[in-house]
Amino acid sequence: MTRCPVCIRSPTTCGPPVPIVAIMMQTEALVRLSGVHKRYGETVGLDGVDLEIAPGESVAVMGPSGSGKSTLLNIVAGLDRPTSGSVTVHGEKLTAMGEGALARYRRRRIGMVFQFFHLLDDLPALDNVMLSARLIGTPYKQARSRALALLDELGIAGRKDAYPQQLSGGERQRAGVARALMNRPALLLADEPTGALDSRSGEQVMDLLLDLNQIGQTLLIVTHDMRLAERCASRVVHFVDGRVAEMEAV
Amino acid sequence: MRATWIIARAAVRRRRTQTALIGVIVTLCTATMLVGLALLAAVSGPFDRTFAQLNGAHATAQFDSAKVTEDQVAATAQAEGVVASAGPFPLAVASLGRPGGQTMTTPLRIAGRSAPGGGMDELRLTRGRWASGPGEIVIGSHTRVGPDGALGESFTLRGAGTVTVVGTAYSVTRTADAWMQPDVVRQVGATGSQMLYRFAPASAQTAEQLTARMAAVTAGLPADAVTGIASYLTIREQAGKGAKTISSFLTVFAALSLIVAILVISNVVSGAVIAGFRSIGVLKAIGFSPGQVTAAYLLMMTGPALIGCVIGAILGNFATSWLLGQFGSEHLLGLDTSPAPWLTGLVVIAIPLLVALTALVPALRAGRQSATAALAAGAPLTGRGRRVQRRLSRSWLPRAVSLGLALPVVRPARTLLTLIAIMLGGATVVFATGLLTSAQRWNDAISLEGQVQVEVLNPPAGGPAESAGGERRQPQGTHLTEPEVVAFLRSLPGTRHVTVLKQAQVTASGMTQTVGLSAYSGDSGSLGYELLAGRWFSGAGEAVVGPELLRLTGKSVGDTLTLYIEDKTVQVRIVGEAFGTHEEVFLDLTSMSFLENTDMPSRYLVGLAPGVIADQYIDSIVNGGNAGLIAAPPESQIDMVPLRIVIGTLTVLLMLGAGLGVAHTVVLNTRERRRDLAIVKAVGMTPGQVVVMAVTSMAALGLLGGVLGLPGGVAGQQWIIRLIGDSENTGLPQTIIDVYAVPSLIVLFLAGVLIAVLGALIPARWAARVSTAAALHTE
């Protein structure tokens, strides 16, 4: 990558990467979960989670199926609400927001990358990427220009008019990443971003995430892939039965 | 709003099949709804509307030219209460005949009018043109001219030689039976003149009021100068009776078309919205608010619906004009064959509103749905779906069939919507065919068409036949006595039974108005009246009456009824109640033997043997040497052809709508199951087996829909036909209620399956052609 996908400037002008410890000591947490519980009837999704993520930090969340990883991601994304506890992202308390406010939060503060890409089948790649910018009222030309630049940076500009069904898995995921970066989010959430990809595509996406974090993008990645965690994350949080079992710096 | 518009527009463009289906379904339903509303409007007071449109005459008076001058007749227009008048028109009474000698009509009232318009009692030309000179005549649309109709044909007319029918015209109050130019009528031998009167509406509402008005009009004229007065109320009552039954059936079908159209649209639209639920999670994840999600779905539906609605309104206008035009008698449904503009406007506004409303409920649900749940939609089978799949996979059924049978269980909401669509279509077919059969049997019961194929009249003889100018001048009637006419008719080959009928108006005890009396001699039991209770009379002193008479007098079968005619009193015992006869009384002529010696004309009702053709039998009457007899097929109470056309057209429209609704559901199912279809193809299922799988899932629903829809359709038909009977204050013979035979029920049951299978076939073949590799790419 020659240019920063977040600000579309050369990475060298964005500043050098900041060590994780320095970040944590100097900056207030970007994400703060305090005593978060989530129950689905009798089933416990999260059982009293306390977690902080500093700006510029890359955190991987790992654990067996049903341990609460995706639940955590959905709550931080504002797609789900905790049963109790508080969640604050970028100074905004999600638990106090209504649906409309959460939608605005998702537009402006976060970008989401999904395991199964979740592009809209009715829109070609370019329009999929532009959609989140159009949501916040970015003029068409400006949105298009940025979307093209992102697609170019991610190596799929030539596929901008292809519909999702016509794209390979790797291409779709890159389009999904581009969409997530359109509005320069404070926080990028990735749910098994390489889970549905072949090894080569997965490597490309890992490189992408690593580059993003190196230029300051805060990442929260849910993954089963230890290689991804080791390559892209500065900290791994292990979940078991809805609780943080262990945290380790990588 | 821009982002919402982007999503909605992309969905409409990209999902061409779904968009097209929704558009076509809305088109069909809009057209059906417009036809239904137009029919409802048409059956509402058609006579009054037509009377107002044509400035009908409240009263028509005929004057004897020998007793009163034209000036005196014209002066009656100045009488108190007359607000408008027309005439005097010269009036002649004569029959049309064939050059060969046969009399083709009863004596016609032929009025001399120079033009069909005139500001009052406007005559509406239904075919051809107005008579412009000698040798031309215009026949009233209510006049029956022989068995073959009249336009363009030539007849003989006393005093005019040969006349050609150049047009047919409609008069709302039937002021005359035919029209010619005034000079020509005078040549024919006008013995009278005719005046038409309109009064202030408030003083022309009842028979008593009109009697009083006409008394004022004719005051001062010699007592026997007036030879006849006709009131519009009589025509209105006759028109109402004739139209009532057909209006009831049309109302039912119109209402059904509205209901089914609404249900089909609701079903299709909500199904389409539900099908898009998976996208909700993605939309919410990237920041669409619940309101934006709802708005996107609403826009997706209303766009194609608006286009379909406009096209449907145009088609509906054409369909309505064509259908209403089938009812040739304007009394039945009025003059207007196009829907009123406000009806079209109403439909064009209502349909998109309906679409928006039916989309709103699932769209609101979509907006409120949890994004995570929506993102999880389309996940592998769990719980119920898996259990069913497992059980079916262990069955003896071919795999394609067992997979197809499990499909409906996986998506209960979608399955329910499809089932409703199939039930609607199946129930509609069952209901429509049953109701049409009921209508046919109703008509048969009251018109006696099955039993009487020829009606013969023997008008009073008008003089001997003579030749003039090479043409045979036809006498009216014959010199035959009644028994001689009966013997003659019975002697003709093909005669099965002959009944003599004399009709009169009598007063009955317990009733204020007069009732129709039909006195029979001969084979009256063969006439085939449907009895609701009791039996047909077997001799003097017995009578069969209509249900309305029993209701009005409070009497029942077995009671005694006193009849008053002129200065005579007759007591009879009620032995039966006849369906479809309102307040009429039927008895043997021997109960009123004094009628035999009167000038009251007899009608001869002839039933033919099977295989005998009515037209040929009528010709044999002429060839038998009695051309003075007037013979024609009896008039049908209800012209069933237009009713069959209307009901048939509505049924087809509704079935198409229901069928397309099913197809739409299958398309949605197929799109959702693309990945599963690709997987089964990848492991070896052939395209043919994929078709079997898709069609099986729909056939199963079709069977279930048929099982549920069939009793619904039967129950609906029975309920409605009873309702119609109640509205006409009559019981119904069981043959009109129970119209379904077991074989026909089986066929109708299979209609539901057929709708489902046909609706599934094309999308199923499309599913079979899905590229496996491309489909496995699908998320």
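The criterion of at least 1 residues that are within 30 Å of the chain's Cα centre (by Cα) is met, among strands (runs of 3 or more DSSP E) falling completely within the range B:147-213, by B:161-170, B:178-180. A:Gln166 meets the conditions (1) within 14 Å of chain B (Cβ to nearest Cβ); (2) in contact (Cβ under 8 Å) with a residue 24 or more places away in the chain in every case but one. The failed one is (2). For the range B:90-113, the condition of being over 26 Å from B:Ser132 (Cα atoms) and part of a strand (DSSP E or B) holds for none of the residues. Select from the range B:726-746 the residues that are over 12 Å from B:Glu530 (Cβ atoms) and without any contact (Cβ under 8 Å) to a residue 24 or more places away in the chain and list them in ascending order. If the condition is that a residue be over 12 Å from B:Glu530 (Cβ atoms) and without any contact (Cβ under 8 Å) to a residue 24 or more places away in the chain, then B:Asp726, B:Asp738, B:Ala741, B:Val742, B:Pro743, B:Ile746 are the ones that fit. Go through (1) surrounded by fewer than 17 Cβ atoms within 10 Å (Cβ to Cβ); (2) over 35 Å from the mean Cα position of the chain (by Cα) for B:Leu492 and report which single condition fails. Result: B:Leu492 passes all but (1).
Residues in the range B:5-18 that are crowded, with 16+ Cβ neighbours inside 10 Å, more than 9 Å from chain A (Cβ to nearest Cβ) and either of a type in the set (Ser, Thr, Tyr) or farther than 15 Å from B:Val293 by Cα (or both): B:Thr17, B:Gln18.
Quick grid of which residues meet (1) under 30 Å from A:Arg227 (Cβ atoms); (2) at pLDDT below 90; (3) not polar (S, T, N, Q):
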{"position": "A:Ala60", "(1), (2), (3)": "yes, no, yes"}
{"position": "A:Lys69", "(1), (2), (3)": "yes, no, yes"}
{"position": "A:Thr83", "(1), (2), (3)": "no, no, no"}
{"position": "A:Ser86", "(1), (2), (3)": "no, no, no"}
{"position": "A:Gly100", "(1), (2), (3)": "no, yes, yes"}
{"position": "A:Phe114", "(1), (2), (3)": "yes, yes, yes"}
{"position": "A:Asp127", "(1), (2), (3)": "no, no, yes"}
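Taken as a whole, the condition of being closer than 30 Å to B:Ile259 by Cβ, more than 14 Å from every other protein chain (Cβ to nearest Cβ), surrounded by 20 or more Cβ atoms within 10 Å (Cβ to Cβ) and modelled with pLDDT under 85 applies to B:Leu21.
With respect to B:Gly378, determine if the residue is within 14 Å of another protein chain (Cβ to nearest Cβ), in contact with a Pro (Cβ under 7 Å, 6 or more places away or on another chain) and either modelled with pLDDT of 75 or more or outside any helix (DSSP H, G or I) (or both). No; evaluated as a whole, the condition is false for this residue.
Scanning the range B:121-142 for residues that are assigned to a loop (DSSP other than H, G, I, E, B), surrounded by fewer than 18 Cβ atoms within 10 Å (Cβ to Cβ) and in contact with a strand residue (DSSP E or B) (Cβ under 7 Å, 6 or more places away or on another chain) returns B:Arg129, B:Gly135. Within the range A:209-242, restricting attention to residues that are outside any strand (DSSP E or B) and among the aliphatic types (A, V, I, L, M), the residue that is nearest to A:Glu57 (Cα to Cα) is A:Ala233.
Listed here are the residues, each with its yes/no results for (1) polar (S, T, N, Q); (2) at pLDDT below 75; (3) surrounded by fewer than 17 Cβ atoms within 10 Å (Cβ to Cβ).
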residue: B:Leu332; (1), (2), (3): no, yes, no
residue: B:Leu364; (1), (2), (3): no, no, no
residue: B:Arg368; (1), (2), (3): no, no, yes
residue: B:Arg391; (1), (2), (3): no, no, yes
residue: B:Leu397; (1), (2), (3): no, no, yes
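Evaluated against (1) within 13 Å of chain B (Cβ to nearest Cβ); (2) in a helix (DSSP H, G or I); (3) free of Cβ contacts under 8 Å to residues at least 60 places away in the same chain, A:Gly158 falls short on exactly one condition, (1). When the range A:89-124 is examined, which residues are found to be under 18 Å from B:Ala3 (Cα atoms), of a type in the set (Asp, Glu) and surrounded by fewer than 21 Cβ atoms within 10 Å (Cβ to Cβ)? Within the range A:89-124, A:Glu99, A:Asp121 qualify. Only one of the numbered conditions (1) within 30 Å of B:Phe249 (Cα to Cα); (2) within 14 Å of chain A (Cβ to nearest Cβ); (3) of a type in the set (A, V, I, L, M, F, W, C) is violated by B:Val43, and that is (2).
Listed by position, the strands (runs of 3 or more DSSP E) enclosed by the range A:29-145 that each have at least 1 residues that are free of Cβ contacts under 8 Å to residues at least 40 places away in the same chain and either touching a Cys at 6+ places or on another chain (Cβ under 9 Å) or more than 12 Å from chain B (Cβ to nearest Cβ) (or both) are A:43-53.
Taken together, the residues in the range B:558-595 that are small (Gly, Ala, Ser) and either assigned to a strand (DSSP E or B) or touching a Cys at 6+ places or on another chain (Cβ under 6 Å) (or both) amount to 2.
None of B:Val269, B:Val293 is more than 14 Å from chain A (Cβ to nearest Cβ), under 30 Å from B:Ala413 (Cα atoms) and either of a type in the set (Asp, Glu) or in a helix (DSSP H, G or I) (or both) except B:Val269. Just wondering, is there one or more residues in the range A:200-209 that are closer than 20 Å to A:Pro55 by Cβ, more than 14 Å from chain B (Cβ to nearest Cβ) and either more than 13 Å from the chain's Cα centre (by Cα) or buried (at least 21 other Cβ atoms within 10 Å of the Cβ) (or both)? Yes: the range A:200-209 contains one or more residues that are closer than 20 Å to A:Pro55 by Cβ, more than 14 Å from chain B (Cβ to nearest Cβ) and either more than 13 Å from the chain's Cα centre (by Cα) or buried (at least 21 other Cβ atoms within 10 Å of the Cβ) (or both).
The values are calculated or read from the model by the stated rules, or taken from the named source; none is laboratory data. This is a predicted model, so every value here is computed, not measured. Note that we place each Cβ from the backbone using ideal geometry, even for glycine, and neighbour counts take in every protein chain shown.
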